[in-house]
Amino acid sequence: MPAPTEWRPGSFTKNYSWGPEGAGLKQLHEAIRVGFDGKTEHVTRSEFRKRIAPLGRPDYIPINFFLFNITRAGIDWIVADELVFQAINFRHSDRFDSLALFAFNLSLVGSWKGAKPYQSRPALWAHHYIADRFGPDLQWEPRRATANDIQGFVSKSSNYTGEGSRKLSTNLAYLYTQAGLGGLKSKKVERWWVDALFLTLDRVLLTREIQGLVSPEENYENYLFGSGFFQVSGSRSIEKDLASKHLTRLYKACGGLRRFDDEAVRERTGVLLAEVANYIANNDNPIAAVHSTNLRIAKSLPKVCSLLAKFAGFDVFDLEDLENTDTSELARQNIQRALSSLSEQGIKPNISSEELMRILRGE
């Protein structure tokens, strides 16, 4: 994907007032909820700024570094994507912080009237610090991402065009401390990582729209690889690579960003509108789509996507039911079904389901 080569600090050198240490990115979570008025619907850039003005904090950090902007029919919009969906539907948590920090490091924020080309990738210095330094050299160790290390990396690059790098480095180090970089070290599939994959596809497709490019669904996996997702989403593993294939299939099935549009989902489902409407009438809370091959591949989705998730090979749960489900027992049942299927085909495994469970748990 074409990208600006200049690393400009922009307004990130100013303080955002993240709040006390240990508060995470709660201020950002609140700004998104207020700015979108509690709805997963696009909002004009001007209306978003008006709504969050009473919060008394600068608006340029959320809208220029974390959220996605697009101009349609001459109007600047801030898009309701995966980051917004998570903020609106769930309380502030470490999971939100990890997703928001990923959005910052991915650094795909679109464009608006009057924006400079480099503002579409406003934090390329952070993107490359994670992709080229933090992962390969520092082995994803959070304590090593210090202001001094960041400054050393940025100041040595010929792409960096700022007059100084100290303020940027201390602000970035503080952001990393607040949000936490610990999740990047794990090789296991985690919930924020699953959300980050959806967010990446959202923003890649929106960026391609801005560029006037067509985006066939069969190319989504290539877009994911070309986005830098795997370079900034933490330690690579076979588990994550396999999960990405299942999740990309789920993303396609749900219609991409159209998953937030009830009418579009109903049309895609091919079910009578009244039937789907009755399904969500009494409870439109998000559901969880879980892949039977790996119960860590769990994605929260708008409830209207339930049938589409099933078409993509996922089991569907109410979020509350999933939290109360004994996942080890569910995994045992899935394995037992698979072993029974093999047995019916005359294939005899040489280990039991209990032994296989111990292997999956790493015992």
> Mind checking whether some residue in segment 133-145 is open to solvent by 50 Å² or more (accessible area, probe 1.4 Å), out of contact with any Asp or Glu (no Cβ under 8 Å at 6 or more places or on another chain) and farther than 27 Å from residue 237 by Cβ?
Replying inline: no
> Considering 60, 129, which residue is of a type in the set (Ser, Thr, Tyr), open to solvent by 10 Å² or more (accessible area, probe 1.4 Å) and closer than 30 Å to residue 148 by Cα?
Replying inline: 60
> Which residues, counting only those in segment 71-107, are closer than 27 Å to residue 140 by Cα, polar (S, T, N, Q) and assigned to a helix (DSSP H, G or I)?
Replying inline: 86, 98, 105
>> I need every pair where a residue in segment 23-41 that is of a type in the set (Ser, Thr, Tyr) has its Cβ under 8 Å from the Cβ of a residue that is open to solvent by 50 Å² or more (accessible area, probe 1.4 Å) and in a helix (DSSP H, G or I), sequence separation at least 6 or different chains.
In response: 40/89
> Within segment 267-294, how many residues turn out to be modelled with pLDDT under 85 and open to solvent by 30 Å² or more (accessible area, probe 1.4 Å)?
Replying inline: 15
> Which is under 30 Å from residue 71 (Cβ atoms), surrounded by fewer than 24 Cβ atoms within 10 Å (Cβ to Cβ) and among the hydroxyl-bearing types (Ser, Thr, Tyr), of 161, 200?
Replying inline: 161
> Hey, among 98, 93, 107, which residue is more than 15 Å from residue 37 (Cα to Cα) and surrounded by fewer than 19 Cβ atoms within 10 Å (Cβ to Cβ)?
Replying inline: 93
>> Within segment 251-261, does at least one residue satisfy the condition of being modelled with pLDDT under 90 and in a helix (DSSP H, G or I)?
In response: no
> Does residue 174 count as in contact with a Leu (Cβ under 7 Å, 6 or more places away or on another chain), surrounded by fewer than 24 Cβ atoms within 10 Å (Cβ to Cβ) and among the hydroxyl-bearing types (Ser, Thr, Tyr)?
Replying inline: no
>> Looking at segment 18-36 only, could you name the residues that are out of contact with any strand residue (DSSP E or B) (no Cβ under 7 Å at 6 or more places or on another chain) and within 12 Å of residue 88 (Cα to Cα)?
In response: 28, 29, 30, 31, 32, 33, 34
>> Out of 201, 175, 184, I need the residue that is hydrophobic (A, V, I, L, M, F, W, C) and in contact with a Gly (Cβ under 6 Å, 6 or more places away or on another chain). Which one?
In response: 184
>> I'd like the full set of residues that are part of a helix (DSSP H, G or I), out of contact with any strand residue (DSSP E or B) (no Cβ under 7 Å at 6 or more places or on another chain) and not β-branched (Val, Ile, Thr), limited to segment 47-64.
In response: 47, 49, 50, 51, 53, 54, 55, 60, 62, 64
> So which pairs qualify, if the first residue must be in segment 103-116 and aliphatic (A, V, I, L, M), the second must be open to solvent by 30 Å² or more (accessible area, probe 1.4 Å), the Cβ gap must be under 7 Å, and the two must be at least 6 apart or on different chains?
Replying inline: 109/120
> Of all residues in segment 110-124, which are buried (at least 21 other Cβ atoms within 10 Å of the Cβ) and at positive phi?
Replying inline: 110
> In segment 152-193, how many are within 25 Å of the chain's Cα centre (by Cα) and without any contact (Cβ under 8 Å) to a residue 12 or more places away in the chain?
Replying inline: 0
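The values are calculated or read from the model by the stated rules, or taken from the named source; none is laboratory data. Everything numeric in this text was worked out from a predicted model, so none of it was measured. Here the Cβ is made from the backbone with ideal geometry for all residues, glycine too, and neighbour counts use every protein chain on show. We work out accessible area using only protein heavy atoms, side chains counted, and drop any ligands, DNA or RNA first. Shrake-Rupley method; radii C 1.70, N 1.55, O 1.52, S 1.80 Å.
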